[in-house]
Amino acid sequence: METYKGTVTHLVNARIFKPSVNAPISQELQPRWDVEISHAILGEMHRGSDLWYVLTNRTFVWSGAIFTSQLVPLVQKKYLITADDIGVVKEIDLGAKLALKNGWINSIAVLINRTGDKDDEQLDSLYQFLQNTTLMNTNTLLSQTTHVGLHYTITSGRPVSALQNVDRLVCGTGFFPEYQTLDNEYSTDDYVNQAMLELEAQYTKFKRIFKQEPAHLTSHHDVHTFTYPLFKSIHAWALAHQIPIRSHSFLPPLRREFYDLGVKLNLPSIKTMNSWSSQLGCKSSADHTLVGHYGPAPFLPLLSLKSAVKTKHRTLDQGIYDFLVSRDETREIMVHIIKSDFTKKKEFKDFYEPFCKEYPGVDSRYFAGRVAEYMSLQTRKLASQQKANNYLVSLDFAPVALRLI
């Protein structure tokens, strides 16, 4: 990887976490010292310049204090912050609507098979909200700033297709099975063909409701990564439709091991999927994804909501710092949020028990973690607006026109 030589022209501090004179100091650099530069990014305006150099030791230095005769590439950083599982739980949708309006997120992944929503009132309400609501403190409609993606599912709710066309995919009750019950039959032609029929049906319904192509494609429980036939078929479909698909590289090893313990399939490793992706020439919605439910395990009781929010802040900011010092241009942050006054697992279980029976595949055990994630975005955004002692990075969202392909 090419690097660039620079010389310190006057005393300057190297900073960590963010390109800002308010960020923590890593080291004091003396005049005539040599530095090795990785790339340049835009940061805080200081003495008439907002250009900062990222050094190979993962620190930031204001460019006005560095001389270099080489042309250092400027890497424009863009975030896609996606709220998953939109379209089935009203309180989850409410959290997403508030987060979009307030500018905490700029992307949603929508499930379009909500049980009992005969006339698609909930999905239509979401569409109308995007069409008629402006981003806070602007005149810009959310429909112009929001990436609306399809969250394909064959592990929650009922199919959009006629049952006789996807009978291999459903249980005797007509519901999709829990992802833990998937077995090697999901690698057979019959299952994969029906899975693709259902993908086409969900895609068609998405376009009818939102009157546009999906900005990206994701899958509930990451089911498209479970077998090579599913991976190949769904990625080939996404390529043919020029729809970016969420990068499988976001799956951390621990989560993959957790999935391995929970399903009957022998799941492919990240390395194996990297090989498949390279062979297929896949395009992803972002080069890397910060995994959702960052911080404490969401299905465990939250002993302290305040502590959970702080932990999520640290994880989120570490991930953003890693992005800034990398040469990646885009990064997706996947979040799971809900707007609720509940904080206890039992409260959620009791309240959502009827819904979980009506729409199996969405687990209320995760909802307490969703509250903490919603609050972490809310309080982080508020903190980033403060001038003093602010180590949090303001997010530069990817415009919808990019679609990150």
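Here are the numbers:
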{"item": "Index of the failed condition, Asn102 passing every other in (1) touching a residue at least 24 places away in the same chain (Cβ under 8 Å); (2) touching a strand residue (DSSP E or B) at 6+ places or on another chain (Cβ under 7 Å); (3) surrounded by fewer than 16 Cβ atoms within 10 Å (Cβ to Cβ); (4) not basic (Lys, Arg)", "result": "(2)"}
{"item": "The listed residue being in contact with a His (Cβ under 6 Å, 6 or more places away or on another chain) and aliphatic (A, V, I, L, M), out of Ile270, Ile234, Ile243", "result": "Ile234"}
{"item": "From Leu80, Leu74, residue being modelled with pLDDT under 95, of a type outside the set (S, T, N, Q) and touching a strand residue (DSSP E or B) at 6+ places or on another chain (Cβ under 7 Å)", "result": "Leu80"}
{"item": "Every residue from the range 17-41 that is aliphatic (A, V, I, L, M), at pLDDT 95 or above and within 35 Å of the chain's Cα centre (by Cα)", "result": "Ile25, Val35, Ile37, Ala40, Ile41"}
{"item": "Conditions (1) aromatic (Phe, Trp, Tyr); (2) at pLDDT 90 or above; (3) in a helix (DSSP H, G or I); number of the one not met by Phe342", "result": "(3)"}
{"item": "Selected residue [among the small types (Gly, Ala, Ser) and either surrounded by fewer than 20 Cβ atoms within 10 Å (Cβ to Cβ) or at pLDDT below 95 (or both)] from Gly6, Gly48", "result": "Gly48"}
{"item": "Yes/no for Thr115 being more than 26 Å from Asp322 (Cα to Cα) and touching a Gly at 6+ places or on another chain (Cβ under 7 Å)", "result": "yes"}
{"item": "Residue check, Ile154 within 23 Å of the chain's Cα centre (by Cα) and without any contact (Cβ under 8 Å) to a residue 60 or more places away in the chain", "result": "no"}
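Listed here are the residues, each with its yes/no results for (1) of a type in the set (Ser, Thr, Tyr); (2) part of a helix (DSSP H, G or I); (3) in contact with a helix residue (DSSP H, G or I) (Cβ under 6 Å, 6 or more places away or on another chain).
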site	(1), (2), (3)
Val61	no, no, no
Leu71	no, no, no
Ala83	no, no, yes
Leu94	no, yes, no
Trp104	no, no, yes
Lys118	no, no, no
Gln131	no, yes, yes
Thr155	yes, no, yes
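The values are calculated or read from the model by the stated rules, or taken from the named source; none is laboratory data. Predicted model, so just to flag it, every value in this text is computed and none were measured. Note that each Cβ is placed from the backbone with ideal geometry, even for glycine, and that neighbours are counted across all protein chains shown.
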